[in-house]
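Working notes, beginning with the structure itself.
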Amino acid sequence: SQQGEEDPQALSIQEGENATMNCSYKTSINNLQWYRQNSGRGLVHLILIRSNEREKHSGRLRVTLDTSKKSSSLLITASRAADTASYFCATDAWNKAAGNKLTFGGGTRVLVKP
Amino acid sequence: DTGVSQDPRHKITKRGQNVTFRCDPISEHNRLYWYRQTLGQGPEFLTYFQNEAQLEKSRLLSDRFSAERPKGSFSTLEIQRTEQGDSAMYLCASSLAEGGGTQYFGPGTRLLVL
């Protein structure tokens with residue numbers, strides 16, 4: 001079963017605009033990660049935020065985490081056509097048996113129009 | 001390229017046939033994960049190896065599925081008596097035990113069962 005729910009399911013914006021997507025989850029986590037997937041390809045790791053962190057930046061990406069609300073957001077600033085992809089949040093609730101098994105949300109499909 | 005590699009990238013088979021996929025993780029990574037992704041969904045965890053030991057299997061992994069990592073390096077995933085419902089992208093990921101949980105994904109093997 002998938003822990004995360006992502007919102008919106010799809011997003012269409014113009015190049016240069018910002019894109020924001022949200023992720024909610026259900027159980028306690030060790031960390032939360034965001035991945036990008038271009039159509040039919042593998043997943044590319046974007047950013048990891050630990051449960052004791054509230055905000056993290058990487059280039060044009062900004063991730064927030066609110067463990068009290070069990071939610072996270074990913075902001076892509078100044079979007080480019082190359083940002084067109086599906087974005088997934090994944091939660092990691094580490095335990096000895098399952099290691100860092102990731103539980104993914106359903107993804108947000110982002111289309112950046114030139 | 002020292003990333004995660006998977007072979008084959010695409011596989012078309014007839015129902016009832018057996019298929020085997022291979023994953024070569026990043027060389028120093030001791031953790032290896034298999035996930036399955038169906039169209040429009042996020043990946044779902046199948047199984048996890050720490051070195052050569054298979055530590056957890058999802059209930060998604062029926063008796064027809066078997067995975068091995070014989071020397072703690074590459075891994076194979078075999079599906080026996082394939083069914084049309086097995087059609088999916090099979091993704092492999094690897095990580096370091098001390099790496100904080102970041103998983104690096106391969107390009108995936110896309111399976112189509114006719």
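Hey, fewest Cβ within 10 Å first, where do A:L46, A:L75 land in order?
If I rank by nearby Cβ atoms, fewest first, I get A:L75, A:L46.
Remark: A:I76, A:I49 ranked as A:I49, A:I76, counting other beta-carbon atoms within 10 Å and listing the fewest first. How much of the pair distance distribution for region B:26-91 lies past 20 Å, counting alpha-carbon pairs only, in percent? I get 27 percent for the Cα pairs in region B:26-91 exceeding 20 Å. The Cβ shell under 10 Å around B:P107 holds other residues with a net charge of +2, Lys and Arg each +1, Asp and Glu each -1. If R0 is 35 Å, the Cβ-Cβ spacing of B:K14 and B:K71 corresponds to a FRET efficiency of close to 0.65. Using the Cβ-Cβ distance between A:K69 and A:A10 with R0 set to 25 Å, the FRET efficiency works out to roughly 0.60.
In whole percents, the pair-distance distribution calculated for the protein assembly as shown from its alpha-carbon pairs, binned every 5 Å from zero, is 1, 7, 15, 19, 19, 17, 12, 7, 3, 1.
Computed over every Cα-Cα pair of chain A and binned at 10 Å starting from 0, the pair-distance distribution P(r) comes out as 15, 49, 29, 6, 1 percent. Considering only Cα-Cα distances, which of the following residue pairs are longer than 21 Å: A:K26/A:K101; A:K101/B:K57; A:K26/A:K69; A:K69/A:K113? Listed pairs above 21 Å: A:K69/A:K113. Below 12 angstrom from the Cβ of A:I47, what's the summed charge of the other residues (Lys, Arg +1; Asp, Glu -1)? Here the charged neighbours net out to +3. Fewest-first ordering of A:R54, B:R69 by other beta carbons within 10 Å of each residue's beta carbon gives A:R54, B:R69. Once C-alpha pairs closer than 8 Å and six or more residues apart are averaged by separation and normalised to the residue number of chain B, the relative contact order reads 36 percent. Where the centre of each part is set by its Cα atoms, how far does region B:7-37 sit from region B:49-114, in angstrom? Centre-to-centre distance over Cα atoms comes out at 6 Å.
Note that region A:10-63 carries a Kirkwood radius of 13.2 Å, evaluated over its alpha carbons pair by pair. For chain B, the share of alpha carbon pairs falling in successive 5 Å distance bins from zero is 2, 13, 24, 26, 19, 10, 4, 1, 0 percent. Remark: the B:Q80-B:R59 segment gains 5.9 nm on full extension, using 0.36 nm per residue and subtracting the alpha carbon distance.
A short reminder: the numbers here are calculations on the coordinates, not readings from a lab. Quantities reported herein were computed from a predicted structural model and do not represent experimental measurements. Ideal geometry is used to build each Cβ from the backbone, glycine not excepted, and the neighbour counts take in all protein chains shown.
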